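One structure below.
The values are calculated or read from the model by the stated rules, or taken from the named source; none is laboratory data. Just so you know, these numbers come straight off a predicted model, no measurement behind them. In this analysis, Cβ positions are derived from the backbone assuming ideal geometry, glycine residues included, and neighbour counts consider all displayed protein chains. Protein only, heavy atoms only, side chains kept; ligands, DNA and RNA dropped before computing areas. Shrake-Rupley method; radii C 1.70, N 1.55, O 1.52, S 1.80 Å.
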Amino acid sequence: MKILSMDERLAKNRFDSDDQNPHIIVDKIACKTCDHRACTYCCPAERYKWDKVNDKLSFDHVGCLECGNCRFVCERLNKSIPGYSWNYPPLGKGIIYREG
Ligand code: SF4
Ligand code: SF4
């Protein structure tokens, strides 16, 4: 059985994401002071990655499964401090599951 990449697995669903108004906002510069970077371990869609070359967080809200894990593990997202916010996409937007 072929093991699919994350992009191939995500492509089995459909996403109607608003590029101009991401439903999750993180301050990638401020994230440099984060001492755990738990978001890079908890996201089942691998949306958060630490860019070692530029030493900063890389995040893309497109492909988000709306599970909420990042909101639980990141105290800045959880408390909505300036530069950070987590919301569900507007009704009908975001992920449209095709397989369960
Ligand atoms: S856990 Fe939160 S503060 Fe830490 S790197 Fe991730 S988004 Fe930034
Ligand atoms: S809500 Fe879930 S899928 Fe979306 S970015 Fe956060 S951890 Fe990843």
- [ ] Pull up all non-local amide H partners of K56: gap of 5 or more, or a different chain, and H-to-H distance under 5 Å with H placed in the peptide plane.
- [x] D51
TODO: With runs of 4+ DSSP H residues as the only contributors, calculate the mean residue ellipticity of the chain at 222 nm using -39,500 (n - 2.57) per run, divided by the residue total and rounded to the nearest 500.
DONE: -3500 deg cm²/dmol
Task: Formal net charge of residues neighbouring Y84 (Cβ-Cβ distance under 10 Å; K, R +1; D, E -1) - done: +1
Task: For region 6-96: accessible area per residue (Å², 1.4 Å) - done: 63 Å²
- [ ] Pick out which of K12, K56, K28 has the largest mean-square fluctuation in a Gaussian network model of the chain, springs linking Cα atoms closer than 10 Å.
- [x] K12
- [ ] Mind giving me the FRET efficiency for Y41 and L91? R0 is 35 Å, r the Cβ-Cβ distance, nearest 0.05 is fine.
- [x] 0.70
TODO: Report, by chain and number, residues whose modeled amide H sits under 5 Å from the one on D18, excluding near sequence neighbours (fewer than 5 apart, same chain).
DONE: G94
TODO: Please find, in a Gaussian network model of the chain (springs between Cα atoms separated by less than 10 Å), the residue of V62, V73, V53 whose mean-square fluctuation is greatest.
DONE: V53
Open item on the list: Please report the carbon-and-sulfur percent of the accessible area for region 6-96; probe 1.4 Å, protein heavy atoms only, DNA, RNA and ligands left out.
Closed with: 50 percent
- [ ] May I ask you to evaluate 6.51 cos²θ - 1.76 cosθ + 1.60, the Karplus curve with θ = phi - 60°, for each residue of region 18-32 and list the ³J(HN,Hα) values in order in whole Hz, giving x for glycine and proline?
- [x] 8, 4, 7, 10, x, 7, 10, 10, 10, 8, 5, 6, 4, 4, 4
Open item on the list: Strictly over 30 Å apart at the Cα level, which of K52/K93; K12/K49; K52/K79; K49/K79 would you flag in this model?
Closed with: K52/K93
